[in-house]
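Only one structure is covered here, and it is reproduced in the block below.
The values are calculated or read from the model by the stated rules, or taken from the named source; none is laboratory data. Note that the coordinates shown come from a computational prediction; the quantities given were computed from them, not determined experimentally. We place every Cβ from the backbone using ideal geometry, glycine too, and count neighbours over all the protein chains shown. Quick note on the areas: whole protein, heavy atoms, side chains included, nothing else; ligands and nucleic acids left out. Shrake-Rupley method; radii C 1.70, N 1.55, O 1.52, S 1.80 Å.
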Amino acid sequence: MLVIGLISGTSADAIDAVLCEIHGAAPALSLELRATRTHPFPPDMQGRILDAGTRKGSTDELAALHFELGELFAEAVLALVGEAGLQPADVDLVGSHGQNFWHNVNVRGEVTATLQLTEAALIAERSGITTVSNFRPRDIAAGGQGAPLAATLDWLLLRHPEHWRAVQNIGGIANVTFLPPLNDDESQPLAFDTGPGNSLLDCAVNILSDGRRHYDRHGLLARAGTVEEAWLKMRLAHPYFNRQPPKSTGRETFGMSMTTSLVTSAQRRGMSAPDILASLTALTARSIARAYERYAPQPVQEVIIGGGGRNNPAIVSMLREAVAPAQLLTHEDLGYPSDHKEALVFALLAHETWHNRPGSLPALSGASHPCVLGQITPGANYESLARATWGAATRSNGGEDA
């Protein structure tokens with residue numbers, strides 16, 4: 001099957017899109033990447049999303065963004081298909097995570113609500129391609145965290161033959177999957193959000209530049225600063241880091257509200273802007289390493305790093321030091337694109353949903369049972385795709401072809 005995966009993550013800076021060819025089923029599942037695209041947002045869209053994804057977001061703005069994002073995600077699909085030299089009718093499925101807005105976790109670590117906006121009906125209507133969306137709620141309904149969904153791809157495709165790996169995504173929020181080797185038939189994987197990735201850093205740059213900048217390009221500011229160890233130690237005492245997995249978090253915890261408080265406290269201590277960013281970068285790296293020390297089922301020999309944080313040399317350098325002697329690798333070393341891995345996840349999940357196979361496992365999300373994820377919005381190709389993949393199941397009660 002040819003499947004497109006789509007996501008705009010916590011940073012809300014663009015739509016990541018991939019086109020891949022998927023065959024088979026686990027343990028013989030194969031995935032070949034065919035094309036990728038980073039589809040830009042209009043200039044004001046990131047600010048609108050970040051503002052709306054707070055408790056101040058108005059109902060009318062959320063509703064408007066839901067439909068506007070649907071149009072933008074549909075544009076991304078059509079642009080990707082064109083760049084690949086194909087027609088929309090050549091593509092079987094779209095898997096859309098949409099735009100992450102809210103992930104509410106109570107004091108007991110239970111997820112009580114999650115919200116990812118982007119109207120899937122617009123994607124299916126504009127492209128004609130059957131679209132699978134809204135992946136997280138089913139896992140949450142079964143008692144899971146609804147995250148990190150990237151762990152499914154890790155489990156199916158990224159296990160090492162002989163030793164444990166940690167697959168570490170650093171997006172707005174950072175998440176890890178601890179993977180047992182293929183020669184271990186008894187151990188289970190473990191996946192959870194380790195805490196902040198780029199979220200606090202991006203918010204801090206926005207605050208310190210009075211809105212003129214949105215991220216620390218190449219980690220230059222952080223690399224010019226000095227980590228304030230005493231201040232960092234207090235930040236690492238946040239209750240989330242001590243919560244047992246499975247667990248998940250989001251921008252509602254590690255976002256603008258927290259960053260405003262952290263910047264204020266740092267400035268009162270006389271910390272410069274580079275010192276603040278160096279210390280927040282260290283918070284990301286060390287909270288990840290601390291999660292390994294406390295919760296990894298076995299020592300890991302390789303850490304596979306992906307997400308936007310991979311492009312920040314300051315994060316990479318601090319993380320390499322923090323997880324030593326484990327070797328730090330990238331997804332490219334294994335044949336997958338770091339910058340588009342999360343989009344690849346939702347292509348894979350759409351494929352598994354269409355074939356009525358679970359996209360989450362209890363060992364990965366904490367759910368009470370494996371769950372088939374997402375909601376299917378039929379496109380113009382729905383009937384032909386159903387006939388091709390479901391066969392007799394698509395026949396009418398009268399015995400004739402539907």
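Points to keep in mind about this one:
- Accessible area of the chain divided out per residue, in Å², using a probe of 1.4 angstrom: 42
- Extension gain from T260 to V372, taking 0.36 nm per residue of separation minus the Cα-Cα distance: 36.4 nm
- For the peptides 197-208, 96-107, 225-236, 374-385, the ranking by mean Cβ contacts within 10 Å, running from highest to lowest, is 197-208, 96-107, 374-385, 225-236.
- R320-T59 FRET efficiency (beta carbon distance; Förster radius 41 Å; 0.05 resolution): 0.35
- Its Cα centre serving as origin, the chain has a Cβ charge dipole (Lys and Arg +1, Asp and Glu -1) of approximately 1340 debye.
- For the pair segment 10-27 and segment 328-380, the centres of their Cα atoms are 8 angstrom apart.
- Charge tally around D44: other residues with Cβ under 14 Å, Lys/Arg +1 each, Asp/Glu -1 each, net -3.
- Amide H to amide H, with H built 1.01 Å from N, N100 comes under 5 Å of S8, counting only residues 5 or more places away or on other chains.
- Inter-label distance, R294 to N311: 3.1 nm, where each label sits 7 Å from its Cα along the C-beta direction.
- Over segment 1-69, the fraction of Cα-Cα pairs per 5 Å bin, rounded to whole percents and listed from the shortest bin up, is 4, 14, 20, 17, 12, 10, 9, 8, 5, 0.
- Between R213 and A79, the modelled labels are 2.6 nm apart [label points 7 Å from Cα along Cα→Cβ].
- With a simple spin-label model that places each label point 7 Å from the Cα along the Cα-to-Cβ direction, the separation between R108 and E383 comes to 4.9 nm.
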